[in-house]
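Right, one structure below, let's go through it.
The values are calculated or read from the model by the stated rules, or taken from the named source; none is laboratory data. This is a predicted model, so every value here is computed, not measured. With ideal geometry, Cβ positions are generated from the backbone for all residues, glycine too; neighbour counts draw on all protein chains shown. Accessible surface areas use protein heavy atoms only, side chains included; no ligands, DNA or RNA. Shrake-Rupley method; radii C 1.70, N 1.55, O 1.52, S 1.80 Å.
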Amino acid sequence: MNSSPIGARRRRFVLERPIEEPDGFGGSLRRYVAGPLLWGAITPLGATERAGGGRADRRATHRIRLAYRDGIAPPMRLSAGPRRFAIRLAGDPDGRRRDLLCEVEELVETASEPRP
């Protein structure tokens, strides 16, 4: 895969890192903390179906291309304005440490999931 020109990375993303905290009942709660600002390009790929709660939900999948950066992996996520993307896979496509391709799934907020 070819490296994308810097001008193609027009979308601003914020890397969000998960923080696990005890919930007081023996379990844990996960919240996300905003990290560095990254510039990238996003390409829609299609959709995946997830079964849950007796129904199947379709979620949009995308590929996000960023400048290479160590340490980006699931369960981190990327945000762009009100949109959130769960990172499912992140890797260096050609091993030259120039680009980082992230396969992501767009998260859809429901009424029971308040945004932080």
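Of note:
- Solvent-accessible area per residue for the chain (1.4 angstrom probe, square angstrom): 65
- Looking at the range 8-116, the chymotrypsin sites (Phe, Trp or Tyr not before Pro) that sit in a DSSP loop and have at most 13 other Cβ atoms within 10 Å of their own Cβ are 25.
- Gyration tensor (alpha-carbon) shape descriptor, the range 1-87, a/c threshold 1.5: oblate
- Projected label distance in nm at residue 12 and residue 73, using a 7 Å step from Cα toward the beta-carbon: 3.0
- Assigned charges on the beta-carbon of Lys, Arg, Asp, Glu; the chain dipole about Cα centre (debye): 500
- Contact order normalised by residue count of the chain, Cα under 8 Å, 6+ apart, percent: 23
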